[in-house]
Amino acid sequence: MLLHKARLEAEAEGRDMQIPPEITQKAPELVDDERALFKAHLEQLENNRKILQAQRKQRRQELDEARARRTHLQRSLDLLSRELKMTEPLVEAGAISEVDVLRLRRQVSDLQGELDAVKLSIPRLESLLDEAEKKLEEVELSFRAKAREQLADVLSELSQLQESAVALQDRVKRTEVRSPVRGTIKQVLVTTVGGVVQPGMDLVEIVPLDDTLLVEAKISPRDIGFIGPGQEAVVKITAYDFAIYGGLKGRVEQISADAIQDQDGKNFYLVRVRTEKNHLGTDEHPLPIIPGMQAKVDILTGKKTVLQYLLKPVLRAKQKALRER
């Protein structure tokens, strides 16, 4: 369709075809076919023009001949009329016979009739010449007009195709689900073929690979009083030996508002810890952490010196001394 457009534009504007290089590379055979059709149309136009040019030349030649003959007949008639005028007095003098005068009169009459016929033919020949010139002009105008008419149809079809293409692209785009982040699929929530997905509905759970980790930990109700948002924590991945690979530093980000009961009937608080990195090891040789790995979370609730730790039993005994129930 784009090749048709390029050809018709060239025919309508009277110039050579201008085809984008990318189309020539993608469809060279179609380009050659369209150029051949363009050349054939121009050759047909040129042949029609040559035929009309020959007709115009013939009409002009006929008109020129008629005008030249008119001039010749007019001169001959003038001379013969002068001769007749000079001869008529000689009849009365008996110098020539009356038959000679009659012959001259007949010749004058014949020339006059022939001259009148030629004069009448000149307007008709001029009209034929004008008609030939108009046909020569119209053949190219008609060629350009036909190309513009076809170009309008092609542009209309292209517009419809572009609208259809946009609609199809939108439909194809809607069939693709793209994650906003790079990650690993944890769970596919919709698996029904041909099912309808409601707006805002979750399709897939993805664990980001280029982001920090959010680790969920269960905290006993007796320890929850010592934990608050922002506290430092260390996440130990059970798949990697902590003594060798260490753990991930992080901070408490969120604590559940109330206790939650698990399947065994035990109560716990859900604490979420945000790590500083998403892998163990170094950046050059990372040890990946994938969904499903288990972790142990140590939350730092305070700091004590060695002396405070050693004196803790003594201080506790002092607080309980000399008391009775």
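The values are calculated or read from the model by the stated rules, or taken from the named source; none is laboratory data. Small disclaimer: the values here were computed from a predicted structure and weren't measured. All Cβ positions, glycine included, derive from the backbone under ideal geometry; neighbour counts span all protein chains shown.
Figures for the structure shown
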| item | result |
| --- | --- |
| From the options 127, 109, residue that is assigned by TED's automatic domain parsing to the domain that holds residue 44, among the polar types (S, T, N, Q), free of Cβ contacts under 8 Å to residues at least 24 places away in the same chain and under 30 Å from residue 48 (Cβ atoms) | 127 |
| Identity of the residue in region 98-119, under 17 Å from residue 73 (Cβ atoms) and among the basic types (Lys, Arg), that ends up surrounded by the fewest Cβ atoms within 10 Å (Cβ to Cβ) | 106 |
| Check on residue 263, in a strand (DSSP E or B), assigned by TED's automatic domain parsing to the domain that holds residue 297 and surrounded by fewer than 17 Cβ atoms within 10 Å (Cβ to Cβ) | no |
| Among (1) of a type outside the set (Ser, Thr, Tyr); (2) under 34 Å from the mean Cα position of the chain (by Cα); (3) over 30 Å from residue 51 (Cα atoms), the one test that residue 152 misses | (3) |
| Criterion violated by residue 147 - all others in (1) touching a helix residue (DSSP H, G or I) at 6+ places or on another chain (Cβ under 8 Å); (2) outside the structural domain of residue 275 (by TED's automatic domain parsing); (3) more than 30 Å from residue 45 (Cα to Cα); (4) not acidic (Asp, Glu) satisfied | (3) |
| Single residue of 66, 95, 40, 54 found to be surrounded by 13 or more Cβ atoms within 10 Å (Cβ to Cβ), among the small types (Gly, Ala, Ser) and in the same structural domain as residue 142 (by TED's automatic domain parsing) | 66 |
| Residues of region 150-170 that turn out to be aliphatic (A, V, I, L, M) and more than 28 Å from residue 42 (Cα to Cα), as a count | 5 |
| Test: residue 186 is outside the structural domain of residue 293 (by TED's automatic domain parsing), among the basic types (Lys, Arg) and either out of contact with any His (no Cβ under 9 Å at 6 or more places or on another chain) or surrounded by 13 or more Cβ atoms within 10 Å (Cβ to Cβ) (or both) | yes |
| Given (1) modelled with pLDDT under 75; (2) on the phi < 0 side of the Ramachandran plot, number of the condition residue 200 does not satisfy | (2) |
| Positions within region 224-260 being farther than 14 Å from residue 277 by Cα, part of a loop (DSSP other than H, G, I, E, B) and in contact (Cβ under 8 Å) with a residue 24 or more places away in the chain, in sequence order | 227, 228, 229, 231, 238, 239, 240, 259 |
| Flag for residue 30 being touching a residue at least 12 places away in the same chain (Cβ under 8 Å) and surrounded by fewer than 17 Cβ atoms within 10 Å (Cβ to Cβ) | yes |
